[in-house]
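These notes concern the structure reproduced below.
The values are calculated or read from the model by the stated rules, or taken from the named source; none is laboratory data. Given the structure is predicted, the values throughout are model-derived calculations rather than measurements. Here the Cβ is made from the backbone with ideal geometry for all residues, glycine too, and neighbour counts use every protein chain on show. Ligands, DNA and RNA are stripped out before the accessible areas are found, and what is left, the full protein with its side chains, is counted by its heavy atoms. Shrake-Rupley method; radii C 1.70, N 1.55, O 1.52, S 1.80 Å.
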Amino acid sequence: MLLLTCPWCGPRDETEYRYGGQAHVPHPEDPSALSDEEWAEYLFFRDNPSGPFAERWCHSVGCRRWFNVVRDTRTYEILAVYTGAAPDSSIGRSGDSSIGAHA
Amino acid sequence: MADLPPAHPTWLWGNPDPRPSYDAVVVGGGGHGLATAYYLARNHGLTNVAVLEKGWLAGGNMARNTTIIRSNYLWDASAAIYEFALRLWEQLPEELDYDFLFSQRGVLNLAHTPQDVREATRRVNANQLNGIDAQWLDPDEAAKVCPILNVSPHVRYPVLGATFQPRAGIAKHDHVAWAFARALDAMGVHLIQNCEVTGFVKDGDRVVGVETTRGRIGAGVVGLVAAGHSSVLARMAGFRLPIQSHPLQALASELYEPVHPTVVMSNHVHVYVSQAHKGELVMGAGVDAYNGYGQRGAFHIIEHQMAAALELFPIFGRAHLLRTWAGIVDVSPDASPIIGPTPVRNLYVNCGWGTGGFKATPSAGWVMAHTMATGEPHELNRPFGLERFITGALVDEHGAAAVAH
């Protein structure tokens, strides 16, 4: 059971949250201009690193607000909790950003 | 004073040092990797082959799954590849001369809501059209198949009926791996353990070998068969996969007298249960929500599946949990596997089996071997290529595959 600290409500058990997958994946600015390959990237391809991963969580049975967490996917250790942009690009962009990064 | 331990039985396979190069290298020594190497040798005459395993043979998901084998999938492409696997399972004990206790005790997939009933009856019809032995049972008929199943209408989610596939069953997963490994060793295929792939050697856009913790190994073709770690390998090779890795937990009880004659799965209350030959009740459920490579999950998931199991099987109320564990499963967007070429020439991938790869071990190996040996997908894995995420021709088994993912 993870103990996640909601930026607004404080530390709560994992069961109070909903997982939202990779953070910092913006909606395409001009969807109609995307190729099929770019749509596939946006819809289906997410980073999946073994190590630090910037991800979204929603305090779904509490304040219902979304926030971001950097968590090590090997140890499950929470490395950072923040709202808005990544606090440190070196831990926030853990995956391969050379392909399909729209940020 | 302790007695001397018994002598170690004869090793079933050797522990060779890697050669400088092979015609084909399979990365991953789990069930699918071993089956791939087996069919490379058996069907394509390739025996200058190595299986590279970063840990020990079949120590990942092959030792962690709940051993259920069935083929009652909704879509034609899925039904074809899983039913082909089931037919191979039916002949493998004799072919490999190894009794790995494949027991065709059937599987019940329970329906608890009107929508479950609609989904289930539709799936039975689709299965029958695909030549798969599926039946629809009412609650009393389901209770005849599994007498300890609680079909009382006075529970939160009463059983409204079930699909039944009599040819489904379970097998002893470790022994399946050992059977393949022994056959491979006899054919001269190298099974190389404690050999982690750390990079890929490329000539232009073509893979020509792998870097490993035991040195560089050349390869004519390379197959990635690494389940939950596929994304990590793909990234090393310079491409991405639409895969998210999650912990999937399972558990076993202490040993009990035989009480459970079949396999029972329930989407809605979300648990699946069988009883192993030795007597443990073996149960699984859904993945932990977050991405993880830790081979462990949270206990609230176990608590939830135990609650579901108790509603279905009140007789388990005094059973003791013996141990829980997790494997890392590679979940794809449409809950279907990805088998075929990659953006790197001569590099092929078999992944995305998610929570249900064990049952497909033989056919996954068969079609992966075909793809690696010929450079072209087999008819059975043609619908399962990476390109389907661009064309949109998904094989959407989410909620259709008789288990919620």
Please work out which residue is farthest from the other protein chains (Cβ to nearest Cβ), limiting yourself to region B:266-277 and to residues that are outside any loop (DSSP other than H, G, I, E, B) and either farther than 22 Å from B:Tyr157 by Cα or open to solvent by 10 Å² or more (accessible area, probe 1.4 Å) (or both).
B:Gln275
Does B:Arg323 satisfy being open to solvent by 10 Å² or more (accessible area, probe 1.4 Å), assigned to a strand (DSSP E or B) and charged (D, E, K, R)?
yes
Does A:Val61 satisfy being in a loop (DSSP other than H, G, I, E, B), more than 12 Å from A:Gln22 (Cα to Cα) and more than 9 Å from chain B (Cβ to nearest Cβ)?
yes
B:Ala183 fails exactly one of the following numbered conditions: (1) more than 21 Å from the chain's Cα centre (by Cα); (2) buried (at least 16 other Cβ atoms within 10 Å of the Cβ). What is the number of that condition?
(1)
Is it true that A:Thr73 is within 10 Å of chain B (Cβ to nearest Cβ) and either open to solvent by 60 Å² or more (accessible area, probe 1.4 Å) or of a type in the set (Gly, Ala, Ser) (or both)?
no
The residue from B:Gly218, B:Gly188, B:Gly228, B:Gly204 that alone is of a type in the set (Gly, Ala, Ser), more than 14 Å from chain A (Cβ to nearest Cβ) and closer than 30 Å to A:Phe44 by Cβ is B:Gly204
Which pairs do you get when a residue that is modelled with pLDDT of 95 or more and part of a loop (DSSP other than H, G, I, E, B), found in region A:7-25, comes within reach of a residue that is surrounded by fewer than 16 Cβ atoms within 10 Å (Cβ to Cβ) and of a type in the set (S, T, N, Q), reach meaning Cβ atoms under 7 angstrom, with the pair 6+ apart or on two chains?
A:Pro7/A:Thr83; A:Tyr17/A:Ser60
Return a yes/no flag: does region B:115-129 have any residue that is among the basic types (Lys, Arg) and not in a helix (DSSP H, G or I).
no
Could you list all residues from region B:292-323 that are farther than 17 Å from B:Glu280 by Cβ and among the aromatic types (Phe, Trp, Tyr)?
B:Tyr293, B:Phe299
Restricting attention to region B:72-94, does a residue exist that is open to solvent by less than 10 Å² (accessible area, probe 1.4 Å), closer than 19 Å to B:Met187 by Cα and in contact with a helix residue (DSSP H, G or I) (Cβ under 8 Å, 6 or more places away or on another chain)?
yes
Please go through region B:121-160 and pick out each residue that is within 23 Å of B:Leu86 (Cβ to Cβ) and in contact (Cβ under 8 Å) with a residue 60 or more places away in the chain.
B:Arg123, B:Ile132, B:Ala134, B:Val145, B:Cys146
Within region A:1-58, can you find the residues that are within 7 Å of chain B (Cβ to nearest Cβ) and open to solvent by 30 Å² or more (accessible area, probe 1.4 Å)?
A:Met1, A:Thr15, A:Tyr19, A:Asp36, A:Glu37, A:Phe44, A:Arg46, A:Ser50
Could you please find all residues in region B:178-196 being within 21 Å of B:Arg64 (Cβ to Cβ) and touching a Ser or Thr at 6+ places or on another chain (Cβ under 9 Å)?
B:Phe180, B:Asn194, B:Cys195, B:Glu196
Which condition number in (1) under 28 Å from B:Gln295 (Cα atoms); (2) open to solvent by 10 Å² or more (accessible area, probe 1.4 Å); (3) not in a helix (DSSP H, G or I) is the one that B:Val208 fails?
(1)
Among the residues of region B:278-305, what is the count of those that are within 11 Å of chain A (Cβ to nearest Cβ), open to solvent by 10 Å² or more (accessible area, probe 1.4 Å) and either under 22 Å from A:Asp72 (Cα atoms) or among the hydrophobic types (A, V, I, L, M, F, W, C) (or both)?
10
Scanning for something away from every other protein chain (no Cβ under 13 Å) and not in a helix (DSSP H, G or I), does region B:359-375 turn up at least one residue?
yes
